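The values are calculated or read from the model by the stated rules, or taken from the named source; none is laboratory data. Quick caveat: nothing in here was measured; it's all calculated off a predicted structure. Here Cβ is always computed from backbone atoms with ideal geometry, including for glycine, and neighbour counts include all displayed protein chains.
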Amino acid sequence: MRRRSLYFLEPYRVGLREEALPPPEPGQLLLRTLVSAISSGTELLLYRGQVPPDMAADLTIPALSGRLVFPCKYGYSLVAEVVEAGSLPLAGWEGKRVFAFHPHEDYFVAYPEELVPLPSEVAPEDAVFLANMETAVTLALDGHPMIGEKVVVFGQGIVGLLLTSLLARFPLTCLVTLEPLPSRRLTSETVGAQLALDPLAPEALERLRRILQGEGSDWGADLTYEVSGNPAALELALAITGFSGRLVIGSWYGTKRAELNLGGEFHRKRQVLLSSQVSTVAPKLRGRWNKARILQTAWEWVKEIKPSRFITHRFPLDQAGPAYELLDQHPETALQVILTY
């Protein structure tokens, strides 16, 4: 059997390669892909050649072993259907729909433990958001939002919008987002932000300062999230975070450098910088939380939010080149782009 796989060939160029696919070994399943989602964060960094050359793809995902060097396969949000089981004990899997942290390709083999069965009530185009919803859930857990807090989110791409959707369910004093693209600011307010500001607008910071005003000099956000993917946003996020405030960094910048001025108010404010990473569970949470519980929580919020409404474009697999070009060149028109099979 042969399959078609999407390869990142060099900066700004992807292409399909036809490969031999051996039949499933005992204990494995053969799967046919239904839909996969393009990440406008990590995948665009790889597409642009902005990934450190010695970076491992993902040490926690078997399908993403190896280094992120050209040419390579990548992707981690895919929904597929089981078409063949490699042994009799797995026969009950045939026909099941599953989520897989797997690169973009039309057929693949995997072990059952590498797959996440879809709840019967979740459609494939909602299910393909599971990885990003898991990220949003992890960000919320790591930030630990509390009643009455003032929260600011930088970036309203897919992860930012999902995070905002979750935070809007907390009893916060205010929830403000910053996003330069008008269409995303509008979407942000529809999912629960009280206000979505353009960080590039001259009056934006003054408006934000008024919203975050406290008693005397005690102004600023209690909790700030940086999920824009833009290193320049990090210093601004730090500047608007208040005394003893938490700044959760969910962006991965690849080879882009983030410069911070830590010689001003940073130490006096006793601010906390937190790295949030979806591949692991924070040590302080491990007594009650594990990956399985986080994924189950993510499924519940996929059902609640129905994120397929964020899909703006659908491209067949053989049109993947224009799909990546659209996300790279025209982010103002594209939010979530998916590949169909």
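Contact map, the stretch 270-287: first residue closer than 13 Å to Leu223 by Cα, second residue assigned to a helix (DSSP H, G or I), Cβ cut-off under 8 Å, separation 6 or more or different chains; pairs are Gln271/Leu238; Leu273/Leu238; Leu274/Asp142; Leu274/Gly143. Determine, yes or no, whether Gln271 is more than 19 Å from the chain's Cα centre (by Cα) and crowded, with 18+ Cβ neighbours inside 10 Å. When the stated conditions are applied, Gln271 passes them.
If the condition is being at pLDDT 95 or above and either crowded, with 16+ Cβ neighbours inside 10 Å or in a helix (DSSP H, G or I) (or both), then the stretch 55-71 contributes no residue at all. Criterion applied to Pro52, Pro89 was being within 22 Å of Pro22 (Cβ to Cβ) and either modelled with pLDDT under 95 or not in a loop (DSSP other than H, G, I, E, B) (or both), and the one residue passing it is Pro89. Scanning the stretch 314-341 for residues that are crowded, with 17+ Cβ neighbours inside 10 Å and not aliphatic (A, V, I, L, M), we see that the one that is nearest to Leu181 (Cα to Cα) is Gln336.
Tallying residues that are in a helix (DSSP H, G or I) and not β-branched (Val, Ile, Thr) within the stretch 305-341 yields 17. Considering the stretch 251-268, and only residues there that are hydroxyl-bearing (Ser, Thr, Tyr) and surrounded by 15 or more Cβ atoms within 10 Å (Cβ to Cβ), the residue that is nearest to Thr241 (Cα to Cα) turns out to be Ser251.
Against the list (1) closer than 17 Å to Pro117 by Cβ; (2) assigned to a loop (DSSP other than H, G, I, E, B), the condition Glu25 fails is (1).
For the stretch 138-174, which positions are surrounded by 24 or more Cβ atoms within 10 Å (Cβ to Cβ) and of a type in the set (A, V, I, L, M)? Those that are surrounded by 24 or more Cβ atoms within 10 Å (Cβ to Cβ) and of a type in the set (A, V, I, L, M): Leu139, Val151, Val152, Val153, Ile158, Val159, Leu161, Leu162, Leu163, Leu167.
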